[in-house]
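> Below you will find the structure I want to go over with you.
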Amino acid sequence: AQSVAQPEDQVNVAEGNPLTVKCTYSVSGNPYLFWYVQYPNRGLQFLLKYITGDNLVKGSYGFEAEFNKSQTSFHLKKPSALVSDSALYFCAVRDDRGSTLGRLYFGRGTQLTVWP
Amino acid sequence: AAGVIQSPRHLIKEKRETATLKCYPIPRHDTVYWYQQGPGQDPQFLISFYEKMQSDKGSIPDRFSAQQFSDYHSELNMSSLELGDSALYFCASSSPNSAGELFFGEGSRLTVL
């Protein structure tokens, strides 16, 4: 079975401070991991992904995520938060077995609020 | 760059009515996915199609059906609508070259009154 856990419903940080949005996963095979961001009444926008290679993945808008196999985690990070980063963030996973066309499994989402 | 196009963006229906949502994937993407996102919820997978054949099925109600056409666009048909069907419906597309990344449309918001 595949699943994703985002333990925090909300994360609040001050602008300029570093931010972390947590994600842990469970898959049967090797994981493909993704982060998406959603602004109100908008679609899901891709931020970054881990397929293989370096554990530290860099993505859009200065975000990065670190894959930790032993802890089955894929936390999203940014060194300096912006007010415009305020949005709903989803972690997603699928495993590498079988077809590459499999669905993504999403976490429940974490609402990030960055205050000025 | 072309993105996933969904129509209509907003739809209001009465209970027991029927609704059809359309999805046009990114050119040369051969796989389409449908997700349902209720208020404050994470996206729930409904169904997917690859090369016009159903490739995976999730929590899609029996009242719903979908298909992918020869031009790769897809339609989600919903009948006997219930209040609980009110949600944001996302379509996503991918190709074998996208390493599992799904590209999402802006969604169709269905409101059932």
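> Note down the nm distance, to one decimal, between modelled labels 7 Å out along Cα→Cβ at B:Thr111 and at B:Gln41.
Each label point lies 7 Å from its Cα, and together they span 1.9 nm.
> Mind scanning A:Lys49/A:Lys78; A:Lys49/B:Lys22; A:Lys49/B:Lys52; A:Lys22/A:Lys78; A:Lys58/B:Lys57; A:Lys22/A:Lys58 and naming the pairs with a C-alpha gap bigger than 24 Å?
Among A:Lys49/A:Lys78; A:Lys49/B:Lys22; A:Lys49/B:Lys52; A:Lys22/A:Lys78; A:Lys58/B:Lys57; A:Lys22/A:Lys58, the Cα-Cα distance tops 24 Å for A:Lys49/B:Lys22; A:Lys49/B:Lys52; A:Lys58/B:Lys57.
> Something else: Enter the Cα centre distance for the pair segment B:71-113 and segment A:5-78, rounded to the nearest angstrom.
Each part reduced to its Cα centre gives a spacing of 23 Å.
> What are the residues whose amide H is under 5 Å from the amide H of A:Glu8, where those residues sit 5 or more places off or on another chain and H is modelled from the backbone?
The answer is A:Lys22.
> Can I ask one more? For A:Asn12 and B:Gln54, FRET efficiency with R0 = 35 Å and r from the beta-carbon atoms, rounded to 0.05?
For R0 = 35 Å, the calculated efficiency reads 0.25.
> Treat every Asp and Glu Cβ in the protein assembly as shown as -1 and every Lys and Arg Cβ as +1, leave all other atoms uncharged, and give the resulting dipole magnitude about the Cα centre to the nearest 20 debye. Mind dumping the intermediate values first?
Working: 21 positive and 22 negative charges, 16 e Å.
Roughly 80 debye for the protein assembly as shown.
> About its Cα centre, what dipole magnitude does chain B give when the only charges are +1 on Lys and Arg Cβ and -1 on Asp and Glu Cβ, stated in debye to the nearest 20? Working shown, then result.
Details: 10 positive and 13 negative charges, 46 e Å.
Dipole size: approximately 220 debye.
> Given a Förster distance of 45 Å, report the FRET efficiency between B:Phe69 and A:Ser70 from their Cβ-Cβ distance, rounded to the nearest 0.05. Could the numbers behind the result be given before it?
Details: r = 46 Å, r/R0 = 1.01.
Calculated value: 0.50.
> Only Cα pairs within less than 10 Å get springs; with that Gaussian network setup on chain B, which residue of B:Glu101, B:Glu75, B:Glu51 has the largest fluctuation?
Among B:Glu101, B:Glu75, B:Glu51, the largest GNM mean-square fluctuation belongs to B:Glu101.
> Here is a further query. So what J values fall out for segment A:59-69 if you push phi through Karplus, 6.51 cos²θ - 1.76 cosθ + 1.60 with θ = phi - 60°, rounded to Hz, Gly and Pro as x?
x, 6, 6, x, 7, 8, 9, 10, 7, 10, 5
> Please turn the phi angles of segment B:12-20 into ³J(HN,Hα) values with the Karplus equation 6.51 cos²θ - 1.76 cosθ + 1.60 (θ = phi - 60°), one per residue in order, whole Hz, x for glycine and proline.
My calculation for segment B:12-20 gives 10, 9, 8, 4, 6, 7, 10, 9, 10 Hz in order.
> Using the Cα centre of chain A as origin and beta-carbon charges of +1 (Lys, Arg) and -1 (Asp, Glu), tell me which of A:Gln10, A:Ser86, A:Ile51 is placed farthest towards the positive end of the dipole.
Of the options given, the answer is A:Ile51.
Taken together, the values in this text are just the output of simple stated rules run on the coordinates, not laboratory data. All of these numbers come straight from a predicted model, not from anything done at the bench. Positions of Cβ are backbone-derived with ideal geometry, glycine not excepted, and every protein chain shown enters the neighbour counts.
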